[in-house]
Amino acid sequence: MSEAAYTVTGMTCGHCADSVTEEITAIAGVQKVDVDVDSGRVTVFSDSPLEIADVRSAVTEAGYELVGA
């Protein structure tokens, strides 16, 4: 299993975390997503390493911005 951490800006509440989780979980191979709204840290557990473009697209679709990647 692969684990990767990302920073997402703009999240302020549980609904934000749910939106990001839903979009990232839709990426093929994603097993689990942990979101810490306060820090903006999103940890993704997947079958294999994910393409950063796929993660960025999912975060954008949720209405937020992936930074530092």
In the set M1, M11, which member is hydrophobic (A, V, I, L, M, F, W, C) and modelled with pLDDT under 95? M1
Can you name the residue in region 35-68 that is surrounded by 13 or more Cβ atoms within 10 Å (Cβ to Cβ) and touching a residue at least 60 places away in the same chain (Cβ under 8 Å) and is also farthest from H15 (Cα to Cα) among such residues? V67
Tally the residues that are within 16 Å of S57 (Cα to Cα) and either in contact (Cβ under 8 Å) with a residue 60 or more places away in the chain or open to solvent by 40 Å² or more (accessible area, probe 1.4 Å) (or both), restricting the search to region 1-17. 5
Residue selected from region 21-32 under the condition touching a strand residue (DSSP E or B) at 6+ places or on another chain (Cβ under 6 Å) and under 14 Å from A62 (Cα atoms), by the criterion least open to solvent (accessible area, probe 1.4 Å): I24
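The values are calculated or read from the model by the stated rules, or taken from the named source; none is laboratory data. Predicted model, so just to flag it, every value in this text is computed and none were measured. Ideal geometry is used to build each Cβ from the backbone, glycine not excepted, and the neighbour counts take in all protein chains shown. To get the accessible areas, we keep the full protein, side chains included, count just its heavy atoms, and leave off ligands, DNA and RNA. Shrake-Rupley method; radii C 1.70, N 1.55, O 1.52, S 1.80 Å.
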